[in-house]
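Data block below; observations after.
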Amino acid sequence: MTRAALRKTVVMVGMMGAGKTAVGKALSAKLGVPFLDSDAEIEAAANMSIPEIFSRDGEAFFREKESMVIARLLEGEPCVLSTGGGAFLASANRRMISERGVSVWLKADIGVLWNRVRHKDSRPLLRTPDPRATLRTLYEARVPIYAEADLTVISDAETSIEQMADRVIDALR
Ligand code: S3P
């Protein structure tokens, strides 16, 4: 799989902590295509962090920006696009992604996800009295939707970022 062979943007989807950004970056380097990240684009355009956007303008505003940014990024040349964990939940986003891209669900179990997000304060949806329970609730509601992705790649604690990127490349063949 090389840049010339990549006809569609590879869209990384899945829960926070699944490794979408880290694996997406490694994948883009291997494929020789640009890496884009919808959260980073939203933050740059607003000149605010995701938690600041959530607390100032609310989640609905963030979701609107997220859909607009994803639509814009999908119009460009094929690349690797990492999306925020909630992006694939909106049916309009799923439709756009399936028309213009190939979706890859980075599937991790709840224990792995919790270990990766527990010490970070960058996820506004986990700013609850019991973030672990919140993560589980989100996970259970979202898994059936992520399962609609074109491809599924397992993200576990034993596999390196590079190996996961190689798994995505194998799945794309
Ligand atoms: C969200 C995940 C975050 C970010 C926002 C909402 C979600 O992205 O978009 O905090 O709904 O799961 P990551 O999946 O990159 O953490």
Matching residues, segment 71-93, being hydrophobic (A, V, I, L, M, F, W, C) and more than 11 Å from the ligand (Cβ to nearest atom) | ALA71, LEU73, LEU74, CYS79, VAL80, LEU81, ALA92
Quick one: in segment 84-124, which of the residues that are without any contact (Cβ under 8 Å) to a residue 40 or more places away in the chain and assigned to a helix (DSSP H, G or I) is farthest from ILE50 (Cα to Cα)?
-> GLU99
Options ALA18, ALA40: the member that is within 14 Å of the ligand (Cβ to nearest atom), of a type in the set (A, V, I, L, M) and free of Cβ contacts under 8 Å to residues at least 24 places away in the same chain | ALA40
Of those in segment 137-156 that are under 26 Å from ILE53 (Cα atoms), within 13 Å of the ligand (Cβ to nearest atom) and of a type outside the set (Phe, Trp, Tyr), the residue surrounded by the fewest Cβ atoms within 10 Å (Cβ to Cβ) is ALA141
Could you grab me the full set of residues in segment 43-63 that are surrounded by fewer than 16 Cβ atoms within 10 Å (Cβ to Cβ) and among the aliphatic types (A, V, I, L, M)?
-> ALA44, ALA45, MET48, ALA60
Output for segment 64-83, where each listed residue is small (Gly, Ala, Ser), surrounded by 14 or more Cβ atoms within 10 Å (Cβ to Cβ) and farther than 12 Å from GLY24 by Cβ | SER67, ALA71
For segment 38-56 the number of residues that are under 23 Å from GLU75 (Cα atoms) and either modelled with pLDDT under 95 or not polar (S, T, N, Q) (or both) is 8
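The values are calculated or read from the model by the stated rules, or taken from the named source; none is laboratory data. Please read all numbers here as calculations on a predicted model, not as lab measurements. Methodologically, a virtual Cβ is constructed for each residue, glycine included, from the backbone with ideal geometry; neighbour enumeration extends over all protein chains shown.
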